[in-house]
1. May I ask you to give the average projected area over all directions of the convex hull of the Cα atoms of segment B:294-336, in nm² rounded to one decimal?
2. In Å, what Kirkwood hydrodynamic radius results for the protein assembly as shown from the alpha-carbon pair distances?
3. Pull up all non-local amide H partners of residue B:177: gap of 5 or more, or a different chain, and H-to-H distance under 5 Å with H placed in the peptide plane.
4. P(r) tail for segment B:164-309, what percent of Cα pairs lie past 23 Å?
5. Suppose R0 equals 25 Å. What FRET efficiency, 1/(1 + (r/R0)^6) with r the Cβ-Cβ distance, do residue B:57 and residue B:158 give to the nearest 0.05?
6. If you take the alpha carbon radius of gyration of chain A and divide it by 2.2 N^0.38 Å, what ratio comes out, to two decimals?
7. To check you understand DSSP bridge types, tell me what percent of the beta bridges within segment B:139-265 (both residues inside) are antiparallel, rounded to 5.
8. If neighbour count is taken as other Cβ atoms inside 10 Å, put B:87, A:186 in order from fewest to most.
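Nothing in this text is a laboratory measurement; each read-out follows from the coordinates by a stated rule. Just so it is clear, the model here is predicted, and its values are computed rather than measured. Because the Cβ atoms are built from the backbone with ideal geometry, glycine has one as well, and the counts that use them run over all protein chains shown.
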There are 2 protein chains.
Amino acid sequence: MDIEKIALAAKKAQINNSGSSGEVRKRALGNICRALTQNKEEIFCANLKDVQRSTAEGLSAPLLKRLKFDEAKLRDVVFGIETLIDMPDPVGKILDATVLDDGLELYKVSCPIGVIGVIFESRPDALVQISALCLKSGNSVILKGGSEARESNRILASIIHDAAVDAGISEGWLGLLESRQDVDRMLMLDDHIDLLIPRGSNEFVRYIMDNSRIPVLGHADGICHCFVDEYADLDMAQDVVEDSKLQYTAVCNALETLLVHEAVAKEFLPLIKKRFDKKDVVIYGCDKTRIIIDCEKADENTYRREYLDYAISVKVVGSLKEAIDHINTYGSGHTDAIITDNKKNASEFVSYVDSGNVFVNCSTRFSDGFRYGFGAEVGISTNKIHARGPVGIEGLMIYKYKLIGSGQTVKDYAEGTKKFKHKKINGEEK
Amino acid sequence: MDIEKIALAAKKAQINNSGSSGEVRKRALGNICRALTQNKEEIFCANLKDVQRSTAEGLSAPLLKRLKFDEAKLRDVVFGIETLIDMPDPVGKILDATVLDDGLELYKVSCPIGVIGVIFESRPDALVQISALCLKSGNSVILKGGSEARESNRILASIIHDAAVDAGISEGWLGLLESRQDVDRMLMLDDHIDLLIPRGSNEFVRYIMDNSRIPVLGHADGICHCFVDEYADLDMAQDVVEDSKLQYTAVCNALETLLVHEAVAKEFLPLIKKRFDKKDVVIYGCDKTRIIIDCEKADENTYRREYLDYAISVKVVGSLKEAIDHINTYGSGHTDAIITDNKKNASEFVSYVDSGNVFVNCSTRFSDGFRYGFGAEVGISTNKIHARGPVGIEGLMIYKYKLIGSGQTVKDYAEGTKKFKHKKINGEEK
């Protein structure tokens with residue numbers, strides 16, 4: 001099917017579905033859970049083909065692990081959907097209501113954004129998760145998964161689409177693209193697609209951002225910092241820095257640059273180096289760092305690097321202000337932490353660091369929708385508008401204004417024969 | 001001064017100001033009111049130069065009227081700023097708070113977006129209004145006004161900048177650009193400018209949207225519809241349609257396309273034509289319309305036209321569904337109204353019409369921040385993300401997540417030795 005036709009169908013379905021009730025969407029999610037479970041052998045079989053083909057093609061072990069869709073993954077995604085079913089309906093919430101005048105009532109009402117384009121990597125479970133999120137929020141979705149998962153994606157998309165349609169959701173609400181060429185054409189469809197969510201490498205996300213008029217929700221870099229303040233508890237600092245860097249190195253909220261106040265550098269750097277050495281972490285340090293510990297020499301590009309690996313940049317700074325300036329200059333606005341027992345310094349840090357997530361005395365790795373308690377996560381955004389930080393289902397919502405009158409004209413108010421009352425109400429929508 | 005330096009200074013000032021209190025911003029706004037009033041003769045004098053030069057250059061009468069900045073305009077802008085002073089501080093509001101675990105508290109806190117780039121036309125009062133809005137919301141602003149208003153803009157920008165700095169706001173928070181060339185360079189500064197708000201012609205707004213990676217808040221077209229349903233009160237319909245089209249034709253929320261249900265077309269069209277004829281409104285009608293009333297023939301481009309003038313497109317439709325489909329196909333997502341006494345039809349219309357403002361039984365001209373009671377208006381947006389419809393000061397805000405811990409690491413939760421509590425709190429921020 002042609003990509004434009006898929007997008008147009010998705011748009012049409014979304015408008016049809018905007019009149020559907022939360023109950024229909026709930027039932028659709030329930031159907032999906034059942035259909036996935038009932039057809040699990042067929043899904044596993046398709047996934048096995050993908051795994052076998054990809055193994056033969058030499059896909060790396062970590063990617064093969066992500067590609068695999070088995071009983072455990074199925075249980076996880078079904079559990080995720082069940083959580084969504086229990087969440088309150090995000091559509092049609094009255095966010096604000098005002099009586100403009102007698103018989104003229106304004107309601108600000110939450111509604112879906114429209115058609116969401118999602119581009120993701122090898123994990124087939126991501127397809128299930130994001131489709132369920134879009135369905136719950138009343139959006140249509142166009143998915144492009146990795147070609148290594150194409151058999152799994154095909155069967156999952158088909159099962160999910162049909163199970164929702166059986167519950168009363170309009171056909172075409174979910175579309176699946178398969179080629180890289182389709183992605184490039186997708187980027188041009190700003191008339192039909194309202195938001196793009198790319199999940200992938202930095203280069204890939206940047207490519208999407210640079211080649212489409214459609215707004216993009218996401219993040220390219222995750223250059224996260226931890227600043228060990230002069231008032232830091234150095235035991236705590238070691239634990240938090242170790243966790244931030246090493247608990248999982250390949251993720252966007254892992255620590256990439258360690259900043260240390262010069263007043264504690266002499267004591268702290270050798271301690272943290274011991275921990276890093278146990279895992280063979282390569283340290284790139286500034287001149288002041290290299291006086292204290294033995295490590296590689298940092299150059300001017302060091303502090304813009306996102307390693308996603310067993311490596312870290314280290315800099316000794318003279319003040320809290322220098323740390324903040326460094327982060328605002330070299331950071332990516334993702335997640336930055338301070339370790340300090342000084343409340344004033346903590347408060348200045350979280351005020352002045354211009355990032356979506358600013359932490360005091362805890363690991364950067366907490367920056368995550370599930371850990372934040374959102375239940376479901378759309379992704380992590382470093383945007384400065386719409387949604388920032390870990391984005392839950394509310395990132396898929398916008399609102400419209402409904403004004404319910406009884407024949408009012410602006411002329412009367414412009415000429416002064418009538419006056420606005422502008423009285424807030426906590427009423428039910430008419 | 002170089003545009004990049006201006007933008008960098010604005011960014012730096014914004015970060016400095018993000019630690020400033022609402023009281024400082026209030027005092028700054030008060031200073032601005034006083035400074036504008038104290039220096040009014042100088043302002044009027046600069047404005048007179050602009051008016052004289054522009055008159056000599058043959059600027060049209062309506063634009064000259066917009067260019068003029070006199071006692072009345074000064075009174076209006078000062079009143080506007082005083083309203084802003086009284087509004088609650090939008091910065092630092094706790095939007096959500098969750099205890100993730102004992103001693104690990106998450107706060108979602110409102111904060112300014114950063115640096116706002118505003119490009120506006122001839123009205124110098126727009127400069128005052130938008131600067132005050134950005135100041136109140138803790139943002140920096142880079143302004144580019146029309147060259148016809150350059151003397152007025154220079155003195156206003158200088159007075160406003162300095163009055164705020166006197167109150168403790170960081171220097172460079174407001175920057176003024178003067179040439180069209182500067183605008184093109186501004187569009188490239190996506191590292192320093194976080195949001196663009198263009199106010200101007202459709203072509204201009206589209207140009208901005210197509211030539212920058214910076215997100216744009218605004219609207220290009222305003223192709224607003226009114227649908228006279230078969231269950232419409234035809235007297236009300238005449239009043240509302242007349243007001244929507246004629247109360248002020250040159251604005252984005254004026255009616256451009258009238259849709260009439262075929263069941264009432266024979267009765268309604270001659271009635272509304274009488275009203276239109278009084279103001280020499282040119283009517284472009286479909287074939288069915290032209291059987292009933294004498295008018296110009298609509299062609300396939302008619303329904304995509306935004307006249308902003310004494311002209312209207314008219315189409316007879318067979319059903320509510322046809323009206324909705326027409327609006328969703330040809331509309332611009334701005335403002336669309338139905339006239340009906342049938343509640344079910346009203347409800348379907350506001351659900352299925354995919355526009356920022358959907359009205360029942362009132363004029364499209366109500367679609368406006370002041371009429372909605374926002375106090376101050378950033379502009380009207382047809383975006384599907386961040387802010388939609390008339391945008392008040394909240395359109396200049398985003399949020400950050402502050403996570404205040406006591407040494408927590410993710411490892412403990414990943415390994416199951418600790419468990420998240422995810423308990424919502426209504427507490428004060430630490």
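1. Its Cα hull, projected and averaged over all orientations, spans 3.7 nm².
2. Result for the protein assembly as shown stands at 29.0 Å.
3. The answer is B:143, B:144, B:145.
4. That tail contains 52 percent of the Cα-Cα pairs.
5. Rounded to the nearest 0.05, the efficiency is 0.55.
6. Numbers: Rg = 25.1 Å, N = 430, 2.2 N^0.38 = 22.0 Å.
Normalised by 2.2 N^0.38 Å, the Cα Rg of chain A equals 1.14.
7. Here the antiparallel bridges make up roughly 0 percent for segment B:139-265.
8. Numbers: B:87 17, A:186 24.
Listed from fewest to most nearby Cβ atoms, that is B:87, A:186.
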